[in-house]
1. Determine whether the stretch 296-317 contains at least one residue that is in contact with a strand residue (DSSP E or B) (Cβ under 8 Å, 6 or more places away or on another chain) and part of a helix (DSSP H, G or I).
2. Report yes if some residue within the stretch 146-165 is over 25 Å from THR269 (Cα atoms), in a helix (DSSP H, G or I) and at pLDDT 95 or above; otherwise report no.
3. Among the residues that make up the stretch 179-194, is at least one of them within 14 Å of LEU268 (Cα to Cα), at pLDDT 95 or above and of a type in the set (Ser, Thr, Tyr)?
4. Could you give me the residue pairs with C-beta distances under 6 Å whose first residue belongs to the stretch 467-479 and is in the same structural domain as HIS445 (by TED's automatic domain parsing), whose second residue is assigned to a helix (DSSP H, G or I) wherever it lies, and which are 6+ apart or on separate chains?
5. Based on this model, can you work out whether ALA527 counts as crowded, with 19+ Cβ neighbours inside 10 Å and either closer than 15 Å to VAL452 by Cβ or among the basic types (Lys, Arg) (or both)?
6. Restricting attention to the stretch 281-291, does a residue exist that is of a type in the set (Lys, Arg) and farther than 24 Å from SER207 by Cβ?
7. Does ALA89 count as at pLDDT 90 or above and in contact with a Pro (Cβ under 9 Å, 6 or more places away or on another chain)?
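The values are calculated or read from the model by the stated rules, or taken from the named source; none is laboratory data. Bear in mind the structure is a predicted one, so any value in this text is a computation, not a measurement. FYI the Cβ positions are ideal-geometry reconstructions off the backbone, even for glycines, and counts take in every protein chain you see.
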Amino acid sequence: MLVSHGGIPGVQGGFIGVDVFFVLSGFLITSLLLDELDYTGRIDVPGFWRRRAKRLLPALVVMVLAVAIASRMFPSDSVARLRDDAVAAFAWVANWSFVAQKTDYFTQGGMPSPLQHTWSLGVEEQYYFIWPLLLIAVAALLAAVARRRRRLVMQNTVHRAVFALAAAGAIASAAASVALVSDSTLDRVYFGTDTRAQALLIGAASSALFVTDWPALTAGRCLIRSQWVRRLTRLVPVLGIAGLLAGAHYATGSAGQFRHGMLIVVALTAAAVIGPVAVDQQGPAAKLLAWRPLVALGAISYGVYLWHWPVFLALNGERTGWTGLSLFAVRCLATLALAAASWWLVEQPIRRWRPVRVPLLSLAGATVATAIAVTVVVVPVTTPPDDSDVSTAALVGQSPQERSVMVAQQQNANRGRVVSVFGDSVGWTLMRYLSPTPGFTFVNHTLVGCGVVRGGPFRYSAESGNPKPECETWPSRWAGQVANDRPNVVLLVVGRWETIDRVHDGRWTHVGDPPFDAYLTGELRHAIEVLGSTGARVIVTTEPYNRRAEKPDGSLYPEDQPDRIDDWNTLLRNVVAQYHNAGVLDLNKKLGPWGGYTTKVDGIKMRSDGVHPTAEAVKWLTPWLLQALS
């Protein structure tokens, strides 16, 4: 997972590591439960839950509270739901919380929550809660049948029944994932307990099949007597490791791969490594996995799991100035340091603690309640400032003409100087947060996701998409709107959608490519002529340097690269210079006075998400904007 989240080339499918972890967990937990059942005739479920809470909860609480306290280190829209995410993590239902939020796990350019990785812990804990109860039910059913037949319940009978139950559950889970998955439900399948239980249950089935003597296994003794079976168990794990490495290279997380059973294939491959290695620990694969550095890493693996994701988000390319392997190394060192501290300062002391009079389950409940209370106090409620909020919360159900009338009516009744505003979501955000403007009437015709460039498909933060139909009709729409407004000045705010990768004339291209530049020049000229057709002066803003998101390795996506912005702004200036009734407003220099992307100017945070200006920034920009439009 570290390699995958670090953006190391060739390991795009590193997310399958969580499936390996699920299989291992299912194997170990089932082995422990069956051993207890074999030697005591019962399973102490409250005791099992106490041990799980004691092992997992303290370090989780420390990590979540640390993220809450340090929330300012993360992008504002990634922590917009941090309070809800923290509560869900403490309640072991983070995976279903992300399903409810319609979180897109595989969107590379999104702003994920620093607690997003706790989804897998939620799946684990739900398994820990349900699986022991099912084993008790199986044992009770077998005991009842044996009593009627006046027989003893044999150990191998219980193991076979558990194997059958786990195998049937794994098949049902795999079938559900295949049946439910589509492009629109991919993340629900990825996060869902029902669709991810297959890996845990494959591990459980492997345990019931392979482990007949848990004490012998933990002592490292080989449980296989047959020479040819031993050779087979030494070969299969080697092939399994090769299969997992291939999966880490080729898996993409697409709906098509899920539909073809990728999850169950990965789980079976992981079981082919774990089961044979457990029963014969002298083979080559077992010796490789027993390498001391790997054993040491395994000891602190829970801390690595907990801390790596927030560390990778906090230590980004913007903050460190590094990318690629250098950034990956720094992230790994920080993760290992925090994981080791968690091991020595939290996990081990709690593990060794043997309270005499304190009921641990009650203490665990009190700990969770206290942690939730602290989180609610520490983390403020915020609203994610993204394009979806811009496009749905304020614009739903209104035509462009209706929005124009609404805005005009809310402005100065005497109209004063009329400014018609056109452009994309950056322009929309300017209008949304614009301070009171006596003497001016702003009429908002901006449309989220639309610039002057048309056609597609396009790529935005490595995700492909198609333009909205309304983006294609701006010439006729704008002509009617300026004719209706009769503005003194027209403000055009575009550039974001002109700097992304886009298909033009049947090939992928971008600004800076001469044929595409010629097309953009024609579109921008057409826009200025349409917007100035009533005699109004047309003011076109430059595109600011942006930093919407980083690639996993800390580098920038193409549309955020400064060279792209410079190419567009140069093209824009050359076009505008050809018109006597047009001018340029240098928004880029205003938001980035030092020649690059800037987080703060005059102590004011400039962008909410790396692209759109904050409310405070718009208030700060308003006097400058009004002066330019006067």
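1. Quick first cut of the stretch 296-317, residues in contact with a strand residue (DSSP E or B) (Cβ under 8 Å, 6 or more places away or on another chain) only: 316-317.
Cutting the leftovers down to part of a helix (DSSP H, G or I) gives us 317.
Yes, the stretch 296-317 contains a residue that is in contact with a strand residue (DSSP E or B) (Cβ under 8 Å, 6 or more places away or on another chain) and part of a helix (DSSP H, G or I).
2. Within the stretch 146-165, none of the residues are over 25 Å from THR269 (Cα atoms), in a helix (DSSP H, G or I) and at pLDDT 95 or above.
3. Of all residues in the stretch 179-194, those within 14 Å of LEU268 (Cα to Cα) come to none.
So far as the stretch 179-194 goes, no, none of its residues is within 14 Å of LEU268 (Cα to Cα), at pLDDT 95 or above and of a type in the set (Ser, Thr, Tyr).
4. Qualifying pairs under 6 Å: PRO475/VAL530; TRP478/VAL530; ALA479/VAL530.
5. Details: crowded, with 19+ Cβ neighbours inside 10 Å: yes; either closer than 15 Å to VAL452 by Cβ or among the basic types (Lys, Arg) (or both): yes.
Yes, satisfied.
6. Pass one, the stretch 281-291, residues of a type in the set (Lys, Arg): 287.
Next, from what is left, pick out any that are farther than 24 Å from SER207 by Cβ: none.
The answer is no; no qualifying residue exists.
7. Values: at pLDDT 90 or above: yes; in contact with a Pro (Cβ under 9 Å, 6 or more places away or on another chain): no.
Spelling it out, it is not the case that ALA89 is at pLDDT 90 or above and in contact with a Pro (Cβ under 9 Å, 6 or more places away or on another chain).
For every residue, the table says whether it meets (1) within 23 Å of ALA197 (Cα to Cα); (2) not aliphatic (A, V, I, L, M).
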position: MET1; (1), (2): yes, no
position: PHE15; (1), (2): yes, yes
position: LEU32; (1), (2): yes, no
position: ASP35; (1), (2): yes, yes
position: ASP38; (1), (2): no, yes
position: GLY41; (1), (2): no, yes
